[in-house]
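The values are calculated or read from the model by the stated rules, or taken from the named source; none is laboratory data. Remember, predicted model here, so these are calculated numbers, not experimental data. Note that each Cβ is placed from the backbone with ideal geometry, even for glycine, and that neighbours are counted across all protein chains shown. These area figures cover heavy atoms from the full protein model, side chains too; ligands, DNA and RNA do not enter into them. Shrake-Rupley method; radii C 1.70, N 1.55, O 1.52, S 1.80 Å.
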Amino acid sequence: MSDFWQDDAPDNGEPDIGEPDDGPRPRHLLRRLAITVLVLAIPAGGLVWLFQDDLFHPFGDARACEGSDAPLSGAFGAGGAPLPGDASDVHYYTQGGHTELSFVSSRIPDFLHTAGFLPAEASPFEESYVDDNYALGDGETELPRGLCGTGIRGPVLTYGNTATTIMVERSPFTTDRFRAPARAIVTYDAP
């Protein structure tokens, strides 16, 4: 059998008239470039979409809520207290020197002492230290305007001074315990 395709033109060593001898034509280069850009753009777009929450948070901080105008400092409130070591689900909203900070911790009594809301050895459930029983019923939730994340669940105890207020989830079963772990919302103005 013979080959399916045969070139009937004699090969005399000279280039064919219809083909350029200096490489591919510009139209082919543009087509190849467009395909390459498309192939690279699809995975890049997918990565941006996948990590958009991490890429577009204010200050590159995933804890910052949309609209925040300043990053969270390491210490906050009038007492300059740091977050408890086991703090999780941390979110904050800052606007014009005012800060709303939300976190979950099982070390709320220690935090209240460190932040200066309670004197050493005082119980966080002594009525003289509790500023108010916040009007939030069992199972109801609330989240201050601008703050993102999960709201605080009632019942809630509040503690405060002139510069800082903290709301803490109290146990719905007894009046002398916090939830385990408890969400706290700290509100303060930067000095």
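Taking only segment 165-191 into account, find how many residues are farther than 15 Å from Val130 by Cβ and in contact with a strand residue (DSSP E or B) (Cβ under 8 Å, 6 or more places away or on another chain). Working first, answer last.
The initial filter retains those residues of segment 165-191 that are farther than 15 Å from Val130 by Cβ, namely 172-173, 179-181, 183, 185-191.
Now restrict to residues that are in contact with a strand residue (DSSP E or B) (Cβ under 8 Å, 6 or more places away or on another chain): 172, 179, 181, 183, 185-190.
Number of matching residues: 10.
Yes or no: His57 surrounded by 10 or more Cβ atoms within 10 Å (Cβ to Cβ), modelled with pLDDT of 60 or more and touching a strand residue (DSSP E or B) at 6+ places or on another chain (Cβ under 8 Å)? Full working, then the answer.
Values: surrounded by 10 or more Cβ atoms within 10 Å (Cβ to Cβ): yes; modelled with pLDDT of 60 or more: yes; touching a strand residue (DSSP E or B) at 6+ places or on another chain (Cβ under 8 Å): yes.
Spelling it out, His57 is indeed surrounded by 10 or more Cβ atoms within 10 Å (Cβ to Cβ), modelled with pLDDT of 60 or more and touching a strand residue (DSSP E or B) at 6+ places or on another chain (Cβ under 8 Å).
For the structure I just gave you, tell me whether Asp110 is of a type in the set (Asp, Glu) and either closer than 21 Å to His91 by Cβ or surrounded by 13 or more Cβ atoms within 10 Å (Cβ to Cβ) (or both). Show your work before the answer.
Numbers: of a type in the set (Asp, Glu): yes; either closer than 21 Å to His91 by Cβ or surrounded by 13 or more Cβ atoms within 10 Å (Cβ to Cβ) (or both): yes.
Answer is yes for this residue.
When both residues are 6+ apart or on different chains and their Cβ atoms are under 8 Å apart, which pairs have a first residue that lies in segment 170-188 and is touching a residue at least 12 places away in the same chain (Cβ under 8 Å), and a second that is open to solvent by 90 Å² or more (accessible area, probe 1.4 Å) and part of a strand (DSSP E or B)?
Here the result reads Pro172/Asp138; Arg179/Arg153; Arg183/Arg153, each pair linking segment 170-188 to a residue that is open to solvent by 90 Å² or more (accessible area, probe 1.4 Å) and part of a strand (DSSP E or B).
For Pro155, are the conditions met, namely being at pLDDT below 90 and closer than 21 Å to Asp61 by Cβ? Explain how you work it out, then say what you get.
Working: at pLDDT below 90: yes; closer than 21 Å to Asp61 by Cβ: no.
The answer is no for Pro155.
Pick out the one residue from Arg153, Arg177, Arg145, Arg170 that is open to solvent by 70 Å² or more (accessible area, probe 1.4 Å), within 22 Å of Pro119 (Cβ to Cβ) and not aromatic (Phe, Trp, Tyr).
Details: Arg153 fails: within 22 Å of Pro119 (Cβ to Cβ); Arg145 fails: within 22 Å of Pro119 (Cβ to Cβ); Arg170 fails: open to solvent by 70 Å² or more (accessible area, probe 1.4 Å).
Residue meeting the stated conditions: Arg177.
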